[in-house]
1. When the residues of segment 133-153 are filtered to those that are of a type outside the set (Phe, Trp, Tyr) and open to solvent by 70 Å² or more (accessible area, probe 1.4 Å), which remaining residue is nearest to residue 32 (Cα to Cα)?
2. List the pairs whose first member sits in segment 143-162 and is within 19 Å of residue 111 (Cα to Cα), whose second member is surrounded by fewer than 14 Cβ atoms within 10 Å (Cβ to Cβ) and of a type outside the set (D, E, K, R), and whose Cβ atoms are under 9 Å apart, counting only residues at least 6 apart or on separate chains?
3. Of all residues in segment 95-126, count the ones that are open to solvent by less than 20 Å² (accessible area, probe 1.4 Å) and over 15 Å from residue 145 (Cβ atoms).
4. Within segment 69-109, track down each residue that is small (Gly, Ala, Ser) and without any contact (Cβ under 8 Å) to a residue 12 or more places away in the chain.
5. Identify all residues within segment 71-94 that are open to solvent by less than 50 Å² (accessible area, probe 1.4 Å) and among the aliphatic types (A, V, I, L, M); write none if there are none.
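The values are calculated or read from the model by the stated rules, or taken from the named source; none is laboratory data. From a predicted model like this one, the values you see are computed outputs, not experimental measurements. In this analysis, Cβ positions are derived from the backbone assuming ideal geometry, glycine residues included, and neighbour counts consider all displayed protein chains. With ligands, DNA and RNA removed, areas are computed over all heavy atoms of the protein, side chains included. Shrake-Rupley method; radii C 1.70, N 1.55, O 1.52, S 1.80 Å.
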Amino acid sequence: MQSLLDLFRLLPQATIMSSFDNTYMNLAIAEAIKASRRNEVPVGAVIVLRSKNEIISTASNRVIELKDPTAHAEILAIRKACQVMDSERLFDCDLYVTLEPCPMCAQAISFSRIKRLFFGAADQKGGGVENGAIVFNAKSCHHKPEIYGDIMAANSEKLLRKFFKDRR
């Protein structure tokens, strides 16, 4: 079995950069690789307490493993972060995720009051941020984070394409 480092080496060299945002997105990609190894859709998430540049949770999809349709990377990361922060609100937190969140995850992001959302690949079919339901534009949305899409998207897209190609 290939090591995580070996899989990382397969990604384009431009992926590994020194800025915090790229570092956190690289960690989200590492989580996505873990999900893929478990035969889960390769989506990874990282939540960072921005004031301290401290990672407070990481997660990857576990829908099949947990037999739970809500066990998306974002939901699991939010749950862990709320426990770490001992709060249902994540006001000073940023979420890095490899795929545009679905409508369910976008609602959880809103309810948890995450400050900034960084995501990799757009999800034309199931997205809920820039595609599909566009949850944050709904009148019923209580909080809209700052949104930064297309962050290292090629790497996330590559993982997703390989995952689905291998299953066809």
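1. Step one: filter segment 133-153 for residues of a type outside the set (Phe, Trp, Tyr), giving 133-135, 137-147, 149-153.
Right, trim to open to solvent by 70 Å² or more (accessible area, probe 1.4 Å) and you get 137, 139-140, 142, 144, 146, 150.
On the way: 137: 28, 139: 32, 140: 31, 142: 29, 144: 25, 146: 23, 150: 16 Å.
Among them, the one singled out is 150.
2. 144/137
3. 3
4. Step one: list which residues in segment 69-109 are small (Gly, Ala, Ser), which gives 71, 73, 77, 81, 87, 106, 108.
Selection gives 71, 87.
5. Hits for segment 71-94 are 71, 73, 75, 76, 77, 78, 81, 90.
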